[in-house]
Amino acid sequence: MTAEPVETATRTRYDADTLAALTADATAIMERYPNPRSGLLPMLHLVQSVDGYVSRDGILFCAEMLGITAAEVSAVATFYTQYKRHPNGTYTVGVCTNTLCAVMGGDAIFDELSEHLGVGHDETTDDGAITLERVECNAACDYAPVVMVNWEFFDNQTPETATALADRLRLGEDVAPTRGAASVCSFKQMSRVLAGFNDGRADEDAGTGEPTLAGLRIARERGWTAPEGPDSEPDKRGETITGEPGSSAERPPTTPSDTQVGKDKKPGEDAK
Amino acid sequence: MTLTPVLTDTWDKDRSWRLATYERAGGYAGLKKALKTEPADLVQAVKDSGLRGRGGAGFPTGMKWGFLPPPDGGPRYLVVNADESEPGTCKDIPLMLASPQHLIEGVAITSYAIGCDHAFIYVRGEVLHVYRRLLNAVEEAYRAGYLGKNILGSGYDLDVTVHAGAGAYICGEETALLDSLEGLRGQPRLKPPFPAVAGLYARPTVVNNVESIASVPAIVAKGADWFSSMGTEKSQGHGLFSLSGHVTKPGQYEAPLGITLRELLDLAGGVRQGHELKFWTPGGSSTPIFTAEHLDVPLDYESVGAAGSMLGTRALQIFDETVCVVRAVSRWTDFYAHESCGKCTPCREGTYWLKQVLHRIEAGEGQDSDLDLLLDLCDNILGRAFCALGDGATSPITSSVQLFREEYQAHIDGHGCPFDPSASALFAYTPKTRTPGALAGAGAGGH
């Protein structure tokens, strides 16, 4: 495809080939959504897959693709922790230091890694290999303490396993997570997947951890199953129950404003 | 009470995440049946089943669907909340990793039931392989004719888009999720209007948790009575109970609602050997903590509520006597301060000050008035914040001061933490010297 029409209009400094590829990918992203603006988050992941962070050019590119201002793009990019404002290392090594992982050893793992690598939170080693982060709960509490490398799971870590892992990453070795793909990919490759471009690695499997299967194993041992279904049509008892008092759940519409779109409707909300 | 594997039942199969594995286990029987059923009857069946939202709030799922206004010819959307981020909650991620087709089939049935032809799955961006599995599962379902045009010859069309977030706990709040999905900062919207009336692109939208939607296929295939034969009178069906922390066999235990922590701990080999239960969360860090006194509380919505907490996401984080409650709560507070979206003042400023006060207590620099100050701050956040994040931030503080006030006081009186932090770790180590302020961690660079 030709990139000329875009190239002449752009304020970015991407070379023609890069811009053409980015434009094609961003167009594919926007086509996934009824409203192209929904493509901004994947588009920022896409920018990171090329630049390794959300660069000035990347912000301008997104703005130009969506017809919004660079300020509007920046407002979004700075809200989310996965969008990096400085060039990221090849690997983000994230140590969960939320409460449960922290008390079970996450604090010690972070301290050891920080000392070992000579960097603190959100800092990158001089060789550009590792950006160290404290991360929040990553939904693997049954495997605590947890370390994430480019958002693949490294379960049940210790200071020793974590520093050995970091050393291998810095040596450029292939490293396999405990659950996930057969090996960890680079930050840029990961960012491309998060932009919605399937890398074909879903069938790779580093293994299913025992905690995931803990209850099922017991059920199998003891012959426990869910009740058999009658495979009949559901009956109509017509009874419903309401949300618990004080829950943040919804309630039935009771006022006109419950059933009317507000006047403060944002542009783009008036989908057909 | 016995375990009841439904969603977990295929997880030990070879290549459990593949469509073929799911089909061999009876998968997509629900969709086939649903496509021959009137949509309104499907909504009624889910109402009859008693299924309540598995994302924390426990709102009846079928009723939520029923709030959609009558069709006006314009689009209606289903958005699956797969932004699992509540500390302690770790059920949807393993489900999507091991058996994504449970979710995809649920999406197809739900979309058909509510008249939606484009559904979205919003998954947090920090779980790369889960995202791969979801992308792949959707592609497999398209190829098999379960998604796309004229599904299984029914004339019904459905597209599904899997969307990755980018790191923001607040996007688990359903209206913040919708703003995020529209390409904006993920900040909650004023309700009303509710998403059922004006959700994604201001169109009627159902937002449901992963486990809720994944529970739908079996309800349709086996009937509402089958589902409600499990659980208690008002909290029906099966649910994933996630045990973590100081427990011998942490992990996922799928059981009828109403099982107790005592029963679950028995199955899981009890608290870490040589130790005893000190405190636990029934449903994530935003639910008031419990102690050993609550071991026999049935884990259903009503009983946990009556005991002063919330069932939440059934995220059972177990802490033994080696854990300093001030350290635990202080760290959760760092989390809320970091994740506060900044939209409303009580939460933005309140979580900031809670963090400061807790840090100084933890560092041994607390004052006698600090406990009342903490409670006063909580009182000014609870019920005044724009969304549930602010309320949630106060839960661990108010409940722990109530249950462990003397432990907070010991930090103040003793000018430091009386606990050895290494005692709670799963490995032996010598703590490095550091300033407690450095523990602020990710909060330092937060938004």
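Descriptive notes on the structure:
- Value at 222 nm in deg cm²/dmol, rounded to 500, when DSSP H runs of n ≥ 4 in chain B each add -39,500 (n - 2.57): -12000 deg cm²/dmol
- The spread of Cα positions in region B:164-265, taken along each principal axis and listed from longest to shortest, comes to 44, 37, 23 Å.
- Area projected by the alpha carbon convex hull of region A:1-119, averaged over all directions, nm²: 9.4 nm²
- Normalised by 2.2 N^0.38 Å, where N is the number of residues, the C-alpha radius of gyration of region B:311-378 stands at 1.21.
- Cubic angstrom per residue, convex hull over Cα atoms of the protein assembly as shown: 147 Å³
- Nitroxide proxy distance, nm - points 7 Å out along Cα→Cβ at B:Tyr352 and A:Leu171: 4.7 nm
- Two-decimal Rg to Rh for region B:362-428 - Kirkwood Rh, Cα set: 1.07
- Divide the volume of the convex hull around the Cα atoms of region B:1-92 by the residue count and you get 173 Å³ per residue.
- Computed with the Debye formula from one identical point scatterer per Cα of region B:325-441, without solvent, the log10 of I(q)/I(0) at q = 0.21 Å⁻¹ comes to -1.14.
- Rg/Rh (Cα only; Kirkwood hydrodynamic radius) as it applies to region A:7-77: 0.92
- Alpha-carbon radius of gyration plus Dmax, which is the widest Cα pair, for region A:60-102 in Å: 14.9, 44
- Other-chain or far-sequence residues with amide H under 5 Å of B:Thr4's (modelled H): B:Glu254, B:Ala255
- Selected from B:Ser303, A:Leu66, B:Cys387, residue furthest toward positive end of dipole (the protein assembly as shown; charges at beta carbon): A:Leu66
- Calculated SAXS-style log₁₀ I(q)/I(0) at q = 0.18 Å⁻¹ - region A:71-157, Debye, Cα scatterers: -0.76
- Debye, to nearest 20: dipole size of region A:91-185, +1 on Lys, Arg Cβ, -1 on Asp, Glu Cβ: 240 debye
- Equivalent ellipsoid, region B:56-125 (semi-axes from 5 times Cα gyration tensor eigenvalues, Å): 24, 14, 11
- Axial C-alpha extent at least 30 Å, average Kyte-Doolittle at least -0.5 - helices from chain B (DSSP): B:388-413
- Pairs spanning more than 32 Å between alpha-carbon atoms, out of B:Lys64/B:Lys355; A:Lys84/B:Lys278; B:Lys36/B:Lys64; B:Lys13/B:Lys149: B:Lys64/B:Lys355; A:Lys84/B:Lys278.
- Summing Cβ point charges (Lys, Arg +1; Asp, Glu -1) relative to the Cα centre of the protein assembly as shown gives a dipole of roughly 1360 debye.
- A dipole drawn for the protein assembly as shown from +1 and -1 charges on Cβ atoms has a positive end, and of A:Ala16, B:Thr8, B:Ser286 the residue lying farthest that way is A:Ala16.
- Each Lys and Arg Cβ is given +1 and each Asp and Glu Cβ -1; about its Cα centre, chain B then shows a dipole of about 1240 debye.
- A Stokes-Einstein calculation at 4 °C with viscosity 1.567 mPa s, built on the Kirkwood radius of region B:249-344 over Cα pairs, returns a diffusion coefficient of 91 µm²/s.
- Positive-end ranking of B:Ala144, B:Leu184, B:Val127 along the dipole of region B:126-190, with charges on Cβ about the Cα centre, is headed by B:Ala144.
- Label-point gap, in nm, between B:Glu293 and B:Ala306 - each point 7 angstrom along Cα→Cβ: 1.7 nm
- Cα Rg over Rh - region B:19-222, Kirkwood: 0.93
All of the numbers you see were taken from the coordinates with simple rules; none came from a lab. Please read these numbers as outputs of a predicted model, since none were measured by experiment. Positions of Cβ are generated from backbone atoms using ideal geometry, with glycine treated the same way; all protein chains shown enter the neighbour counts.
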